[in-house]
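Only the coordinates and a few stated rules stand behind these numbers; no lab work does. The structure displayed is predicted, hence computed values, not measured ones. Note: ideal-geometry Cβ built from the backbone for every residue, glycine included; neighbour counts use all protein chains shown.
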Amino acid sequence: MIPLLVLAALAIVFGLWLAGLYNGLVALRNRFKNAFAQIDVQLKRRYDLVPNLVETAKGYLKHERETLEAVIKARNIAASAATAAAANPASAPALQQLAGAEAGLAGALSRLMVVSEAYPDLKGDQNMLRLTEELTSTENKIAFARQAFNDAVMTYNTRRETFPTVLFAGALGFQPAELYAVDDPSERAAPKVAF
């Protein structure tokens, strides 16, 4: 009888330990999903600013229609990639697609800023200056949000991959999460938005 009680007690302790392990992984997974949601908020803010920036520039850049259309197209592609990544922030392909789309948007915005340098009236427009400041602020917030996301992913992956959690994490459905990384060093630079 005593061996059965000891086995039952061990089973209860193991069950409680496994429940704690599971709950800890759930909390960490939710933390990195929340961190991605913060990136998503800032990306949406940027996507909302881009059309305003283009509309302000439109009057001055009548002969630069192709540049303006490229910015809007890149913004739409990036917004679509952000939606896909938000659906599953642990998906490596979705995060890679988002990073590529963001690089395309950064390039298009950089071209817009270079073209706008040739229009002094546009550089001095108060609305354009305000939008540029907001975009710069948003870029900084995106960088901080990406850092927080990567920190949360690192904490989750570290817990998931350490012993003894590694023995149970896969069986409990906890897959590794992907860092928000940019592969191409030229993509790492924020778009230049100085006027």
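Entry note, the chain: relative contact order of 32 percent, from Cα contacts under 8 Å with a spacing of 6+ residues. For D151 and W17, FRET efficiency with R0 = 22 Å and r from the beta-carbon atoms, rounded to 0.05? The formula returns an efficiency of 0.25 here. Full extension of the segment from E66 to K44, taken as 0.36 nm per residue of separation minus the current Cα-Cα distance, would add 5.6 nm.
With the simple spin-label model, which puts each label point 7 Å out from Cα in the Cβ direction, the A9 to T136 separation comes to 6.8 nm. Show log10 I(q)/I(0) for the range 2-188 at q = 0.08, 0.09, 0.18 Å⁻¹, two decimals, from a solvent-free Debye sum over equal Cα scatterers. Scattering profile of the range 2-188, log10 relative to I(0): -0.38, -0.45, -1.11. Net charge dipole, the chain: roughly 400 debye, given to the nearest 20, about the Cα centre with Cβ charges of +1 for Lys and Arg and -1 for Asp and Glu.
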